[in-house]
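What follows draws every value from the coordinates through simple rules; no lab data is involved. All figures in this text were calculated on a predicted structure; none of them were measured in a lab. Heads up, the Cβs are rebuilt from the backbone with ideal geometry, glycines too, and the neighbour counts pull from every protein chain shown.
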Amino acid sequence: MAEKKPYYITTAIAYTSGKPHIGNTYEAILADAIARFKRKEGYEVFFQTGTDEHGQKIEEKAKAAGVSPQQFVDGVAAEIKDIWDLVGTSYDKFMRTTDKEHEKQVSALFERFYKQGDIYKSEYEGMYCTPCESFWTESQLVDGKCPDCGREVKPAKEEAYFFKMGKYADRLIEHIEKHPEFIQPVSRKNEMMNNFLKKGLQDLCVSRTSFKWGVPVEFDKKHVVYVWLDALTNYITGIGFQADGNHSEQYKKFWPADLHLIGKDILRFHTIYWPIFLMALGEPLPKQIFGHPWLLMGDGKMSKSKGNVIYADDLARLYGVDAVRYFVLHEMPFESDGQITWELVTERFNTDLANVLGNLVSRTVAMITKYFGGTVQKSLVANEEEPDGEFKETVKLTVEKVKAKMSALRVADAIGEIFTTLRRANKYIDETMPWALAKDEAKKGRLNDVLYNLSEAVLTCASLLDSFMPETSEKIFAAFGGKARSLEECESFGLLESVTVTATAPLFARLDFKTLEPEIEKIRAAQIASAQAAQPVPAPVKEEKEAEKVPEISIDDFAKVQLRVGEIVACEKVPKSSKLLHETVKFGEETRSVVSGIAKHYTPEEMVGKKVVFVTNLTPVKICGVLSEGMILAAEDEDGTLSLVVPEKAELKSGASIH
């Protein structure tokens, strides 16, 4: 048996500053789909992912959380790994930059760079972006902010070691020009060449002294290795690179990497700094670096304070893992940014997964069961009828189309080809009308052939889908008594002598977005509360003594107060307070955040679902760091018994005005 050709694919390692949202998780799913398909093509795949765990930002977050940096990254790395596992990533190694062997090799290669004259000590003065771990000159800033992330920068001056980037710049330019496939898409290559390389490279700061959470420079202990030099080398240390040249057999087999899959925001580090580090080490460069676009919210930016961050675990709980995988893979264009909203996920779930795929599988199984007791045979009628020939050819050609798209890393287009064939199969049902054939006993053979053809199409498409939606493909194989077909087998039609189906639950039952809204509102409310709880708690305000006499007001004064019925869709306790509840309240189409001092009288669980009267035109204020955009009305007697003011008729709609 011929030895399999190796294929090494990596993701960027996720930064352990917090839980990754669906835009971050997309990269892991994309890499997994490519890795699975390469295995299907016969490659020996090594798929590496992991976490980037050093740097000033981590040190600061750990301090704020009251734990050591190691404890902090241990918790976040475990959460990231859990999410990667949840969405079905079939990685071969989950790399952590706090792994002792990695740290050992980073320290050794830093010293090697220094001894061979690639690194020198000097002093850095400039503007520093903590989230990006990057220094900038004033001229590089955009509107006075970091050109990469747009955040605030601060002046910084410190002793540092620098890497002589210009020493290798011409070699890198030559390599990129001779290997047009090296940076993809082409627009990313042009950006790196025109905006950075051809303008001349500044020497790169590769150590820091202003924090301690990093790999120490062994020969100068007050320095730690710059986080990007540390992080980028994971691609080689993870497979057995040794700074002394005594590399493992695994390294010799898999390096250079076939594909570094990264977000477009870190392209400069991977296509300029990383190749130059490798040149200095005398190691081959990766074959290809693909800077994928971003997955954006409908309004372009995810923010916890807006309650619009979407996480993979929440999506999986509401829609299922394979629906999440399908959406992010299908919706992300090759080069431009993709969009995600809860509404759009629901729409795709219904139109593509329920209507096209789920409906085809359910109809085919149901008809084979109803008309043939669950089993159909291969070709009972000698003469093929229309449109069978064209339909079979469409199914057989799908594999070549998918392979071509995957070879070009156009994953969304590859999935699109499979769903085009699934739609053709649904059209084939409408063309052949099996229900009409079933009424004529003389056409029983023709009916058998139509349903057999549908079964073959379903099994071929399921075999091609198993790199993208593995759980769904397994369910289809179980329903049709088949197994995953190789790519070569997918090029044929009529592999089985008979097909026996088993009744199965719908793969994707249609969803009504209105039924999901309460749960989505809870998710949003929790994010808002979490973001507000993270803000500094204001100093307590002394309560003013109640006026001895309540002043009279006119009807005009009362008319200034807006009272409306609000429905509480989510409620939770306010952190660091025993008295306050934070309610998410719907007033018709509008949703607001309200803080109420009623925690000693009502539990959060009791509040959810209640319709209560609120004052809705008060000036918004923050109470214990939580935004309050209204005031709940309640009555309290002299014994301290408190009761909310609720409308008499429960069917009164939220948003109704009080006159």
**OP:** Report the charge-dipole magnitude of the chain in Debye, nearest 20, computed about the Cα centre from +1 at each Lys and Arg Cβ and -1 at each Asp and Glu Cβ.
**Re:** 940 debye
**OP:** Could you grab the relative contact order for the chain? Cα pairs under 8 Å, six or more apart, rounded to a whole percent.
**Re:** 11 percent
**OP:** Please arrange H223, H179 by counting, for each residue, the other beta carbons lying within 10 Å of its beta carbon, fewest first.
**Re:** H179, H223
**OP:** Take the Cβ-Cβ distance between K439 and E384 as r, set R0 to 25 Å, and report the resulting FRET efficiency rounded to the nearest 0.05.
**Re:** 0.70
Subject >> DSSP-assigned coil residues among GluC sites (Glu not before Pro) in the range 311-410, each with at most 16 further Cβ atoms within 10 Å >> reply: E335, E384, E385
Subject >> Residue-count net charge about I568 - beta-carbon cut-off 9 Å; Lys, Arg +1, Asp, Glu -1 >> reply: +1
Subject >> GluC sites (Glu not before Pro) within the range 9-88, DSSP loop, no more than 13 other Cβ atoms inside 10 Å >> reply: none
Original post:
So what J values fall out for the range 192-206 if you push phi through Karplus, 6.51 cos²θ - 1.76 cosθ + 1.60 with θ = phi - 60°, rounded to Hz, Gly and Pro as x?
Top reply: 5, 5, 7, 8, 10, 4, 6, 8, x, 9, 7, 4, 9, 5, 10
Subject >> Convex hull volume per residue for the range 341-500, taking Cα atoms only, in Å³ >> reply: 109 Å³
Original post:
Full extension from S578 to I555: what is 0.36 nm times the residue separation minus their Cα-Cα distance, to one decimal in nm?
Top reply: 4.6 nm
**OP:** Could you pull out the pairs from K370/K405; K189/K392; K93/K475 whose alpha carbons sit more than 30 Å apart here?
**Re:** K370/K405; K189/K392
Original post:
Which of the trypsin sites (Lys or Arg not before Pro) across the range 555-656 are loop residues per DSSP, with 15 or fewer other Cβ within 10 Å?
Top reply: K560, K576, K579, K600, K649, K653
Subject >> Separation of alpha-carbon centers, the range 556-573 and the range 1-68, rounded to whole Å >> reply: 47 Å
Subject >> Cα centroid of the range 76-96 to Cα centroid of the range 151-196, whole Å >> reply: 30 Å
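Helix-derived [θ] at 222 nm for the chain: sum -39500 (n - 2.57) over DSSP H runs of at least 4, divide by residue count, nearest 500? Present the calculation step by step, with values, prior to reporting the outcome.
Working: 23 runs with 263 residues, N = 659.
After summing the helix terms and dividing by the residues of the chain, the value is -12000 deg cm²/dmol.
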Original post:
Taking a 20 Å limit on the Cα-Cα distance, which of the listed pairs K38/K253; K5/K38; K4/K287; K121/K222; K19/K287 fall beyond it?
Top reply: K19/K287
Original post:
Principal axis lengths of the chain from Cα atoms, whole Å, largest first?
Top reply: 100, 79, 38
